[in-house]
Every structure is written in C-alpha cells, then in structure tokens.
Amino acid sequence: MKLKILTIISAFALTSCISVNVTENRGTTPETVSEKPKNIILLIGDGMGLSQVSASFYYNKEKTNFERFREIGLIKTSASSDTITDSAASATAYATGEKTYNGAIGVKNDTTAARTIVEILSEKNIATGLVATSSIVHATPASFFAHVRYRSMYEEIAEALPASDIDFFAGGGLQFFNKRTDEKDLLSSLISNGFDLHTEELPTLLSEKKQAILLAENGMPKILEGRGDFLPNATKLAIEHLSKNEDGFFLLVEGSQIDWGGHSNDADYLITEQLDFDKTIGVALDYAEKNGNTLVIVTADHETGGFTLAAKDGNYNEIVPSFSTGNHSTTLIPVFAKGPGDTLFNGIFDNTALFFKMMSFY
C-alpha cells in the first residue's frame, strides 16, 4: 500500500512539474505560438495601472474596449537604477529589451545605443509609426527612435527624426523642430528627407510619402481643453497609411496624459484621458478584427498617482477617486493582447520581456 501511495504521489508531482514548466514557457518561447501576426499595434497608457483601467468601466458611457480582451498578463516595471521606474527606462525596456536607468532614452546602462524595435523592423521593410498626445520627443515615443543619455535632451532627440526610417508620426513638439537654441530648421530637414509636413491639423488625405504631423508647440491640449478625437483619429490615420505596406507594420500609440493627470492628482484630468485612450483601443481592435492578421497589445509603462477607486464615506454604492502620491508607484501593471500570438502575453513577466515577445514574431 505504501509503495502504491508513493507511486501516485510521484506521478502527481511529475505532472505538476510538467504543468508548471508549460505555464512558465508559455509566453516566453515562440514555439508555443502557432500563428504570427503581420502587424503589431502597441498601445501604452502612460501611468495606467489597474485602477485607471477600472475607471474605464465605471466612468464610461459606452462599454469599455478592455472587455474585448481574453489574454491578460502582468508586468514588473522596475528600472536598473531604481525600484520605481520612470517612463524613459520603461519605454526603453519595451523598445530595446534592455534594463536601464531612469531617464535613459534608447541607451543601455553604459549609455551606449541599444537598437530599437522600430530600427530593427524598418530594416526588414516593415512600416513603422508613432502617435502620442505628448510631444513626439517625450520619453515614451522618443525611446523607440532616439539614443540619448537623458530624457530632457529634447532638441537632440528631435534631431533623430528627419533621417529616421519612421514612416508616420503624429503628436506635439513643434518647438523642438523650429524654435531651437541652435537655430537649426528641422522642419526643412523633415521635408528634404521625404516627409510630408502637417502643422495645422490632422490631414484627411495622405500621399504615399512619409508623414510628419506636429500639431502643438509641446504636448497636445488636454481632452478637457478641447483636444477632441486627436488620438483615435491619428491612430486610424496611421493605420490607414502604414497598412499599405505589403510587408506589414509596427505602430506605437501612447495615451500620454493619463500620467499627467496622475501626477497632478486630478481625477477629472486622468479619467477623461483614460476614456480617450479606451476609445483609441477600440480603433485598433476594430481594424485588427477586420484585418485578421494584426496583434493588438495594450499596456502601461508604470502606474502614476497611487490612484484608487474607493467607497465614498463608507457608502459601497458610491465610488470616489483618490490618490496616495504625486509620483509613480511600483505596482504591477496589466498587459492585454488580442490577435495572432496573443497567448504569449499571459502570465507575469519583466518589462524587458515585452520586446523579446514581440521580436519572436520576426
């Protein structure tokens, strides 16, 4: 009897080990994925933790687009220099797979350049694009195309765009191209490097040329200040332009100002930006469902504000937003995926792993 019991226990232990290994490997090895996407749309809600995502459920007049996902994971966000990351280190981890220091833009710990997914895919004739509600040279979008020691080097970051292989970008930051301390005219450089330039409004028709859209001196206006549907519309425009490339595309979209609402401890600011980002996710998912060969990934770089939705004065039928800090927190942040290869993004993994998961498709 003892021998029989030991045999059963051993068999159970072996089965458990196999299950654990499969679970661990699922999401880290491309062999577990039977389908690979032609296109990737990566949407980053800057500062968006789980409570910010929850706001999309409780403050949305429409059904939230987050409910359209079935594959969900969690990301650990720490930088190499600090337990709590900033946007630059986190975006660099996503863009290059390198764990680096806070403030780093596309560089390793030793400040040498790390090749970004945008640079790598451009060499494979894959179209690339960037859309943000911040300046286009702000930390998150900058980490996908520039290589500088610190995130505040906006003029140096801007210099990387004219000669880049990026096919479409839209956001703010005009002043870093035409009102520079070195008096360089980067707008002319964009044009001479094959870009159509738009500085007044989102165009409705685009040529086959590369597209540079700079619609604000620095960051775009808040939703509360009348920005309107810039983010969903620019995302739709980017998809229309990039999808003409037969070899596929990679598009980064950032809902930049969720973070700014968190830093300000301004719930109205944060929630309206979150709902705008939610609407933009819908644009990406709608395209992906029609296209059938597009992977949509939604995540954040970190959480900002220690944002919470709690009971108001003990009334469990009424919620009130609150904050615990004006800075970032170290809470795990969610990642959602839908499309070919989406199971790769289940589980809990480090922010650097996102790069390798995306690159496993190429």
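Please name which of GLY228, SER324, VAL137 has its Cα lying farthest along the dipole of the chain towards the positive end, using unit charges on Cβ (Lys, Arg +1; Asp, Glu -1) and the Cα centre as origin.
Result: SER324.
Compute the helix-to-body angle for 87-96: its Cα long axis versus the longest principal axis of the chain, expressed 0 to 90° and rounded to tens.
So the helix axis and the longest Cα principal axis differ by about 80 degrees.
Give the aspartates and glutamates reachable from LYS338 as a straight Cα distance under 13 Å; neighbours fewer than 8 places away on the same chain don't count.
Excluding near neighbours in sequence, the set is GLU35, GLU67, GLU71, ASP286, GLU289.
Cβ under 13 Å from ALA234's Cβ, ALA234 left aside: what net charge do those residues give with Lys, Arg +1 and Asp, Glu -1?
Combined, the nearby Lys, Arg, Asp and Glu give -2.
For the residues GLU273, GLU62, GLU119, what sequence is obtained by ranking on other C-beta atoms within 10 Å, fewest first?
Details: GLU273 31, GLU62 10, GLU119 20.
Ascending Cβ contact count within 10 Å gives the list GLU62, GLU119, GLU273.
Listed here are the pairs LYS36/LYS279; LYS38/LYS236; LYS279/LYS312; LYS38/LYS244; LYS244/LYS290; which of them are more than 20 Å apart at the Cα? Write down the numbers at each step before the final one.
Numbers: LYS36/LYS279 26 Å; LYS38/LYS236 17 Å; LYS279/LYS312 28 Å; LYS38/LYS244 12 Å; LYS244/LYS290 15 Å.
Cα-Cα > 20 Å for LYS36/LYS279; LYS279/LYS312; rest within.
Expressed as an acute angle from 0 to 90° and rounded to the nearest 10, what is the orientation of the C-alpha long axis of helix 2-25 relative to the principal long axis of the chain?
Result, in degrees: 0.
How about LYS210: which aspartates and glutamates have a C-alpha closer than 15 Å to its C-alpha, ignoring those fewer than 8 places off in the same chain?
Excluding near neighbours in sequence, the set is ASP165, ASP167, ASP196, GLU240.
How much of the DSSP bridge set in the chain is antiparallel, in percent, rounded to the nearest 5?
On the way: 17 of 51 bridges.
Beta bridges within the chain, antiparallel portion: roughly 35 percent.
If you add up the charges near SER264, with Lys and Arg at +1 and Asp and Glu at -1, over every other residue whose beta carbon is less than 13 angstrom from its beta carbon, what do you get? Please report the intermediate quantities before stating the final value.
Working: positive: LYS222; negative: ASP259, ASP266, ASP268, GLU273.
For residues surrounding SER264, the net value is -3.
With θ set to phi - 60°, apply the Karplus curve 6.51 cos²θ - 1.76 cosθ + 1.60 along the range 280-295 and write out the HN-Hα couplings as whole Hz, x wherever there is a Gly or Pro.
5, 4, x, 4, 5, 5, 4, 5, 4, 5, 6, 6, x, 9, 10, 9
How big is the C-alpha Rg of the range 206-248 next to the rule-of-thumb value 2.2 N^0.38 Å, as a ratio? Display every interim value, and only then the final one.
Working: Rg = 12.8 Å, N = 43, 2.2 N^0.38 = 9.2 Å.
Normalised Cα radius of gyration, the range 206-248: 1.40.
Rank these for me by crowding, MET359, MET220, going from fewest to most other beta carbons within 10 Å. List each step's numbers first, then the result.
On the way: MET359 13, MET220 24.
By the 10 Å Cβ count, ascending: MET359, MET220.
Once label points are set 7 Å from the Cα along Cα→Cβ at both THR330 and LYS124, what is their separation, rounded to one decimal in nm?
Placing both labels 7 Å along Cα→Cβ, they lie 3.5 nm apart.
I'd like the distance separating the alpha-carbon centroids of the range 260-311 and the range 214-249, in whole Å.
Their Cα centres are 15 Å away from one another.
Please list 40-51, 161-172 highest first by mean number of surrounding beta-carbon atoms within 10 Å per residue. Walk me through the numbers on the way to the answer.
On the way: 40-51: 25.7, 161-172: 22.8.
Ranked by mean Cβ neighbours within 10 Å, highest first: 40-51, 161-172.
Give me the net charge for the shell around GLU289: Cβ to Cβ below 9 angstrom, other residues only, Lys and Arg +1, Asp and Glu -1.
+2
Throughout, read-outs are computed from the coordinates displayed, never taken from laboratory work. The model shown is predicted, which means the values in this text are computed figures rather than measured ones. Cβ atoms come from the backbone with ideal geometry, glycine included; neighbour counts cover every protein chain shown.
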